[in-house]
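Student: Please read through the structure below; I'll follow up with questions.
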Amino acid sequence: MENKEIDILLIEDNPNDAELTMRALRKKDLANNLHWIKDGEEALDFLLSENKNARLKYNLKMILLDLKLPKISGFQILKHIKNNENLKNIPVVVLTSSKEDRDLSECYSNSVNSYIVKPVDFSEFMETVSSIGIYWLNLNQSIK
Amino acid sequence: MIAHELFQIMLDLCPIKDKNKVLSIFNEKVKSLFKNISIEYVSGQKPNEKFKYELKSGSDFYGTIVFNNEYKKLTEENKYYLNSSCSLLTVILEKIANEELLKSDKKALESITKKQNTEIKESEAKFMELYENTPVALFRSTVEGHVLEVNMEMVRMYGFDSKEDLLNRPAVDYYTDPGDREKIIGLLQKTGEALNIISKETKKDGSLLWVKSNYRATFDPENPTKIKHIDGAAIDITASKDYEHELNSYRDELEERVKKRTNEIENQSVKLKESQKALTFLLADVNESRKELENVVKELAEVNKDLESFSYSVSHDLRAPLRAINGFTQILKEDYYNVLDDEGKRIMNVIISNVNSMTQLIDDLLAFTRIGRKVLVKNIINTNNFIRTIADELISPLQKKPAIIIDELPEILGDLNLLKQVFINLISNAIKFTGTVPEPAIKISGKEESKIVQITIEDNGIGFDNKYGEKIFEVFQRLHTVNEYEGAGVGLSIVKKIVEKHDGKIIAYGTPGKGARFTIHLKK
C-alpha cells in the first residue's frame, strides 16, 4: 500500500454492498485504485494517523462512505474529514440505505458532497454508483 | 283595732308603757326582738334618771335594758307615733315621764283625755280613709287561707264588687300557681317575712295580673311557731310585666332569629366546607389525571421513539439484504444465464420479482409511517393548476389515455407536498383501475360550502363493492390480486392519513364494473 495511489476509499461494513459497489465501479474501470475499509475506527486510523500527507500520499480523489458503521458512525467520520484542513477538500459521497430526511440534512450540514440512497434494484444501483464515480473522479481531476 | 295593727307592720321599734310603767303594747319589731316580752317598771326613777326594765321572759334578751339619757328622745318619738295613732297612750307615757305632773294635773288630764278621744275618732276616720284609698292592696289572711280583712284597693285590684264578695274567695285562689302561696307561707314560717314577691294571679273574672307583694306574719303568743295571721300589701305590676313580657318575647324572637341565622350560617359553612372538600378531591383527581396523562405522554413519546428507531432500522437493515439478494441474483443472471435451464431461469425471475415487491412494501410502509411525524405547512393552493400538473406528470402525452376532465375547482388550504401525494395516489389509482375499460375517463370536480371544500375524483373503471368502502383504506388491504393490479395496498391508507392530518375526511363510493368515486372534504 505504501506509496500506492488510491483514487477511491470505500468505507463500508457490509461485504455484499461492498462487492456490489466495487463491481459497479469495476464495470466502468474505476476500481483499479480502490481501497476498502470495513469499520469506522479503522477508517479514522487510516485517515488521521497519517493525515498530514494522506491526501498527497495516496492522492485520494474520493471517499465513498456508508453511514451505519460499527464502532464509529459515518457521521463522525464525515465530521472528522470536513474539520481537518488536510482532508476537507476530498469529495465525500455518502452511500446509504437511509431515506430519512434527518440523515440527509445532517450529512449536508456537515458539508457532504453527495448523498446517495442505495437503490435496491441492481441495474439502478450499478448505474448510480458508476455515475457518481465518474462524476467525482472527473471533477477532481479537472480541479487539479 | 285591726287597722292599727296592720299599720304597725310599717313602723319601727316602738315600746309603749302603760300606767304602771309596764311596757304593754309593742309593735312587731319590738316583739320580734324580745320574743315573749313582759317588762316591769322596777322602782321610782325620775324622768331624768335611769329607767330600768326587766325582760321577764324570752331566751335571747332576758335581762335588763337601761334607757339612759335617751329618755327624752324616746318620748319625742313616742309622741310622734302616738299622735297619729295612740294618743291615749302618749298621755300615759307623758305621765310616766313626768309622774308628778300627772298627779297634780289630773283634771287637766281628764279633759285632755276627752279631747283626745274625739281626736282619736277623727284620727281613726282619717286613718281609715287613708287605709281604703291608698293605692296599695292591703289584706290579712289566715295560714289556712281565709281572707280576714282587705282594703278597697284590694277589691278594686282584683275586680270584685265589694269586700263581702271578695272575702268568700280563698287566698289560694289568687295564685295561678298554688305553689306560690306555699312558698310564701314557707318563707313566713322561717323568717316572718316575705318581701318583693312577684306572682302571677287571677282576678275575679279569671283574667291575669302580675302582683308584687310584701308579707309579714304575726305569730300566736301562746304558740310562737304558729302563725296567727298574715298581713300583706300588694301592688299591680301587670303593665310593667306586660312590657317586660313584650320585651322578653321580642328578645326571644331576636334570639330565635339569631339562632336561625346562626344555623343558616353554620349550614352554609358546612356546605362550604363540603364543597371545599369536594374541590380538594376534584383537584386531587385532576392532578391524578394529569399525572396519568403525563405518563401516557411519556409512554407515547417512548413508543414514538421505538417506532422511529424501528422504522430507521427497517429503512437501513431490511433493505441491505434485499439489495444483496437482488444484486447477486442479477449477477447470477448476467454471468450464468446460459448455464441455467428454463426452469432455473424462471425461478431466478420469481426471486427478482419478489424482491422488488418487498422493496415496494418496505418503501410504502416507511412513507406511511413518516406522514405521522410530518409537521403540516399549510398554504392556499390553486387547485386547478396543482391537479393539472399532477395529471400531466402521470399520463404520458403520447398515450393521452384516459381522458382527464378537470372542472373549475375551488382553492384549498393545506400542505402542498402531502396533498400532492394524495392526488398522485388517487389519480394513479383511477388510471390503474380504468386500464381495462374501452374508453377510460376520469373526472375531477369540486365545490365549496360553508368553509368546506370538496374535491371529487371519479372514474369509469372496474369500481368496487360498497361494502368494502371502509376496508380499502386499511393498510395492506387489497381488493384485487397482485397479478391483476400491482401495488402494496398502502396508497389509499396514505391518502386517508394525510387527509385526516388536515382535519378532513375522505369518502369512497364504488359500483362494481361501473366505477369509483372518492370525495375529499377539507376545511378552509
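No value in this document is a laboratory result; all are computed from the given coordinates. Just so it is clear, the model here is predicted, and its values are computed rather than measured. Quick reminder, even Gly has a Cβ in these numbers, built from the backbone with ideal geometry, and neighbours come from all protein chains shown.
Student: Provide the FRET efficiency to the nearest 0.05 for the B:Tyr243-B:Gln268 pair, computing r from the beta carbons and using R0 = 35 Å.
Tutor: Efficiency at R0 = 35 Å is approximately 0.45.
Student: Would you calculate the separation in nanometres between label points at A:Asn33 and B:Glu164, each defined as 7 Å from the Cα along the Cα-to-beta-carbon direction?
Tutor: The two pseudo-label positions are separated by 16.8 nm.
Student: Could you sort the peptides B:332-343, A:127-138 by per-residue average Cβ neighbour count (10 Å cutoff), highest mean leading?
Tutor: Numbers: B:332-343: 10.4, A:127-138: 18.1.
Packing proxy ranking, top to bottom: A:127-138, B:332-343.
Student: While we're here: Apply the Karplus curve 6.51 cos²θ - 1.76 cosθ + 1.60, θ = phi - 60°, to the phi angles in region B:140-147 and return the couplings in whole Hz, x for Gly and Pro.
Tutor: 9, 9, 8, 4, 5, x, 7, 7
Student: If you stretched the chain out fully between B:Glu439 and B:Glu255, how much longer would it get, using 0.36 nm times the residue separation minus the C-alpha to C-alpha distance? Mind dumping the intermediate values first?
Tutor: Working: separation 184, 0.36 × 184 = 66.24 nm, distance 10.00 nm.
Computed gain between B:Glu439 and B:Glu255 is 56.2 nm.
Student: Just need the relative contact order of region B:137-236 here, percent rounded to a whole number, with Cα pairs under 8 Å and 6+ apart.
Tutor: Computed value for region B:137-236: 28 percent relative contact order.
Student: Hey, got the average number of other protein chain Cβ atoms within 10 angstrom for residues in A:66-75?
Tutor: Across A:66-75, the average partner-chain Cβ count within 10 Å equals 1.
Student: Just checking the output field for A:98-104: average partner chain Cβ neighbours within 10 Å of each residue's Cβ?
Tutor: 4
Student: Counting only C-alpha contacts under 8 Å and six or more residues apart, can you give the relative contact order of chain A as a whole percent?
Tutor: 26
Student: Peptides B:160-169, B:381-390: what's the order by average Cβ count within 10 Å, highest mean first?
Tutor: Output ranking for B:160-169, B:381-390: B:381-390, B:160-169.
Student: Return a whole-number percent for the relative contact order of region B:374-523, with Cα pairs under 8 Å and 6 or more residues apart as the contact set.
Tutor: 24
Student: Could you tell me which of rounded, prolate or oblate describes region B:189-345, using a ≥ b ≥ c as the square roots of the eigenvalues of the alpha-carbon gyration tensor, with rounded for a/c under 1.5 and, failing that, prolate when a/b is larger than b/c and oblate otherwise?
Tutor: On the way: a/c = 10.41, a/b = 7.20, b/c = 1.45.
Prolate shape, in that a/c is at least 1.5 and a/b is the bigger ratio.
Student: What is the spin-label model distance, in nm, from B:Asp363 to B:Lys501 if the labels are put 7 Å beyond Cα along the C-beta direction?
Tutor: Taking the simple label geometry, B:Asp363 and B:Lys501 are separated by 1.9 nm.
Student: Then there's this: Given B:Pro221, B:Asn248, B:Gln268, which one lies farthest toward the positive end of the charge dipole of region B:218-318, if we put +1 on the Cβ of every Lys and Arg and -1 on the Cβ of every Asp and Glu?
Tutor: Result: B:Pro221.
Student: Average partner chain C-beta neighbours within 10 Å, per residue of A:120-130?
Tutor: Mean shielding count: 5.
Student: Taking the Cα centre of region A:8-135 as origin, work out the dipole magnitude from +1 charges on Lys and Arg Cβ and -1 charges on Asp and Glu Cβ, in debye rounded to 20.
Tutor: In debye, rounded to 20, region A:8-135 gives about 460.
Student: Among rounded, prolate and oblate, which fits region B:278-403 when a ≥ b ≥ c are the square roots of the eigenvalues of its C-alpha gyration tensor, a/c under 1.5 means rounded, and a/b larger than b/c means prolate? List each step's numbers first, then the result.
Tutor: On the way: a/c = 4.74, a/b = 1.68, b/c = 2.83.
Because a/c hits 1.5 or more and a/b fails to exceed b/c, region B:278-403 counts as oblate.
Student: Suppose each label sits 7 Å from its Cα in the direction of the beta carbon; what would the B:Asn382-B:Glu122 distance come out to in nanometres?
Tutor: 14.4
Student: Would you please report the Å³ per residue occupied by the convex hull of the alpha carbon atoms in region B:137-236?
Tutor: Residue-normalised Cα hull volume stands at 81 Å³.
Student: Taking the Cα centre of each part, how many Å lie between region B:213-269 and region B:421-438?
Tutor: Here the two parts' Cα centres lie 109 Å apart.
Student: For region B:114-128, in order, what is each residue's ³J(HN,Hα) by Karplus, 6.51 cos²θ - 1.76 cosθ + 1.60 with θ = phi - 60°, in whole Hz (x at glycine and Pro)?
Tutor: Going residue by residue, I get 4, 4, 5, 4, 5, 4, 4, 4, 4, 4, 5, 4, 4, 4, 4 Hz, with x marking Gly and Pro.
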